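Everything on this sheet refers to the single structure shown next.
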């Protein structure tokens with residue numbers, strides 16, 4: 001797989017042009033990737049809908065269950081995938097980002113006979129994931145992604161990072177919380193971006209975090225503030241964490257870590273010690 005003139009070429013790649021676009025990106029953009037699930041019946045049906053002017057939506061690519069990729073919009077062109085969205089100091093993420101749609105039904109409904117998509121298709125038990133969404137507090141059931149989809153998404157993100165100025169990978173659920181839930185907890189979003197984005201951003205202040213996938217750490221400060229965002233000016237969302245508190249590390253961003261205890265939030269990683277470190 002490679003990119004030529006802002007279009008993918010290679011095995012399992014096809015092109016289907018969407019008219020739902022807004023011109024070219026500004027200089028030095030795109031710099032962000034937004035991950036979605038389609039919520040549709042198949043990759044092809046989702047691609048067809050995203051090429052329909054009535055949809056008033058599009059994405060740069062759709063990734064099918066066998067790892068096939070349908071490109072709908074060139075990577076130098078703005079697609080309509082993010083909608084009302086905000087990330088840090090930016091709003092309207094369409095004009096900054098590449099949208100990757102992954103063929104997946106999303107949240108499932110548990111019935112007496114099993115698990116069903118919103119459009120009524122029964123899903124085999126082995127393709128059901130029980131998990132808590134990052135923006136929710138209770139378990140629910142989700143359509144699992146295939147290994148081929150996860151691998152294709154990772155390979156595409158690596159390629160996009162090499163060709164464009166990609167510095168951020170986010171989920172639709174993170175830039176439109178309360179409005180969107182994709183890609184959901186069945187997709188390894190944190191692992192993907194930790195590996196591709198944050199693993200090469202370590203500094204002297206975060207040397208202890210050389211193993212980015214280690215899941216737990218202990219608070220070393222007397223009182224560690226837990227904030228709503230990875231910056232010192234962000235609101236404190238709970239009483240400080242006491243020294244010795246064990247936390248689960250969900251992701252890293254520079255000198256900050258998003259952690260989970262009884263609450264989820266951002267803390268300075270300078271005051272965390274990985275539990276598998278001596």
Identify, from the list 54, 58, the residue that is out of contact with any helix residue (DSSP H, G or I) (no Cβ under 7 Å at 6 or more places or on another chain), at pLDDT 95 or above and assigned by TED's automatic domain parsing to the domain that holds residue 148. 54
With 63, 33 as the choices, which residue is in the same structural domain as residue 175 (by TED's automatic domain parsing), touching a strand residue (DSSP E or B) at 6+ places or on another chain (Cβ under 6 Å) and under 19 Å from residue 90 (Cβ atoms)? 33
All positions within the range 11-26 that are closer than 15 Å to residue 153 by Cα and out of contact with any helix residue (DSSP H, G or I) (no Cβ under 9 Å at 6 or more places or on another chain): 11, 13
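Find the helices (runs of 4 or more DSSP H) located wholly in the range 83-193 whose residues include 1 or more that are surrounded by 14 or more Cβ atoms within 10 Å (Cβ to Cβ), without any contact (Cβ under 8 Å) to a residue 24 or more places away in the chain and on the phi < 0 side of the Ramachandran plot, and list them. Spell out how you get there, then give the answer.
Values: elements: 147-163, 172-175, 189-193.
Of the helices (runs of 4 or more DSSP H) lying wholly inside the range 83-193, those with at least 1 residues that are surrounded by 14 or more Cβ atoms within 10 Å (Cβ to Cβ), without any contact (Cβ under 8 Å) to a residue 24 or more places away in the chain and on the phi < 0 side of the Ramachandran plot span 189-193.
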Can we say residue 98 is modelled with pLDDT of 95 or more and more than 30 Å from residue 262 (Cα to Cα)? yes
Does the range 228-249 contain at least one residue that is at pLDDT 80 or above, closer than 24 Å to residue 171 by Cα and in contact with a helix residue (DSSP H, G or I) (Cβ under 9 Å, 6 or more places away or on another chain)? yes
Positions within the range 233-257 being touching a strand residue (DSSP E or B) at 6+ places or on another chain (Cβ under 7 Å), part of a strand (DSSP E or B), closer than 22 Å to residue 132 by Cα and without any contact (Cβ under 8 Å) to a residue 60 or more places away in the chain, in sequence order: 246, 247, 248, 249, 257
Quick one: residue 19 ticks every box in (1) in a strand (DSSP E or B); (2) over 21 Å from the mean Cα position of the chain (by Cα) bar one, so which box is it? (1)
Among the residues of the range 194-222, what is the count of those that are surrounded by 12 or more Cβ atoms within 10 Å (Cβ to Cβ) and modelled with pLDDT of 80 or more? 10
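The values are calculated or read from the model by the stated rules, or taken from the named source; none is laboratory data. Please read all numbers here as calculations on a predicted model, not as lab measurements. Counting neighbours? That spans all protein chains shown, and the Cβs are built from the backbone with ideal geometry, glycine included.
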